[in-house]
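The values are calculated or read from the model by the stated rules, or taken from the named source; none is laboratory data. Predicted model, so just to flag it, every value in this text is computed and none were measured. Every residue, glycine as well, gets a Cβ built from its backbone with ideal geometry; the counts of neighbours run over all protein chains shown. To get the accessible areas, we keep the full protein, side chains included, count just its heavy atoms, and leave off ligands, DNA and RNA. Shrake-Rupley method; radii C 1.70, N 1.55, O 1.52, S 1.80 Å.
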Amino acid sequence: MLQQFAGKDLTKHPEEFADLAEKFQQLPMYFLKFYGSTEISTIIDAMDHAIHAFDVRHIVIDNLQFMTADQGRYIDRWELHDRILSSLRRVATEKNVHITIVVHPRKDDKELLDVSSIFGTAKVTQEADNVIILQRLETDNGEMRLLDIRKNRFDGTLAAIPIEFEPESLKVNIQLNNNF
């Protein structure tokens, strides 16, 4: 993230590291120290604290499958996901925050993924205000990546935006000149 913030490979510019690290620490970003499977009540308590103590307005959960990996042993995994998604939706609505949840796709043979390709029950996409899919497409000119907006509850606008990865800065940029 520091390299993305800097916009360049800091291993080639070590003299800039300390100054950039200091500036990066001033950004209003907070990280929770949860790794692996974590009970949703623990995560919601931490989210609630962050919302009130730090005025957090956007929360990213990466990823739903990893977060729930060891919790579905004695109950149905899909029921567990539905319960978690309902809890997260309730927090988003009651606290007026945006929650982004990374959910991996199911394995299928479709050239392009769609809303039904998302792993889990239909509740994953039903509860979402936005569904954005990172697509990989083979073209005559090689591989192309798209940021594909498949659901937009705000105004309904949908789009497939060509993007490219910039290895030097580790950033993803919009490809302006691309026909697909």
Residues that are touching a strand residue (DSSP E or B) at 6+ places or on another chain (Cβ under 9 Å) and in contact (Cβ under 8 Å) with a residue 24 or more places away in the chain, drawn from the range 93-108 | 97, 98, 99, 100, 101, 102, 103, 104, 105
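Can you spot a residue in the range 151-173 that is outside any strand (DSSP E or B) and surrounded by 13 or more Cβ atoms within 10 Å (Cβ to Cβ)? Spell out how you get there, then give the answer.
Applying the first criterion (outside any strand (DSSP E or B)) to the range 151-173 yields 153-158, 167-170.
Now drop any that are not surrounded by 13 or more Cβ atoms within 10 Å (Cβ to Cβ), which leaves 169-170.
For the range 151-173, residues outside any strand (DSSP E or B) and surrounded by 13 or more Cβ atoms within 10 Å (Cβ to Cβ): present.
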What pairs can you find where one residue is in the range 136-161 and in contact (Cβ under 8 Å) with a residue 40 or more places away in the chain, the other is surrounded by 15 or more Cβ atoms within 10 Å (Cβ to Cβ) and basic (Lys, Arg), and their Cβ atoms are less than 9 Å apart, with a gap of 6+ or different chains?
-> 137/145
Assuming residue 47 fulfils every condition listed in (1) within 18 Å of the chain's Cα centre (by Cα); (2) closer than 23 Å to residue 156 by Cα apart from one, which condition is it?
-> (2)
Hits in the range 4-43 (condition: assigned to a helix (DSSP H, G or I) and open to solvent by less than 40 Å² (accessible area, probe 1.4 Å)) | 6, 10, 20, 21, 40, 43
Quick one: what pairs do we get from the range 7-34, first residue on the phi < 0 side of the Ramachandran plot, second open to solvent by 100 Å² or more (accessible area, probe 1.4 Å) and in a loop (DSSP other than H, G, I, E, B), C-beta under 8 Å, 6+ apart or different chains?
-> 24/1
Spot the failing condition for residue 133; the list is (1) at pLDDT 90 or above; (2) out of contact with any Lys or Arg (no Cβ under 6 Å at 6 or more places or on another chain), and only one is missed.
-> (2)
Within the range 83-96, identify whether any single residue is of a type in the set (A, V, I, L, M, F, W, C), exposed (fewer than 11 other Cβ atoms within 10 Å of the Cβ) and part of a helix (DSSP H, G or I), and answer yes or no.
-> no
Considering only the range 109-131, how many residues are without any contact (Cβ under 8 Å) to a residue 24 or more places away in the chain, exposed (fewer than 15 other Cβ atoms within 10 Å of the Cβ) and either hydrophobic (A, V, I, L, M, F, W, C) or outside any loop (DSSP other than H, G, I, E, B) (or both)?
-> 3
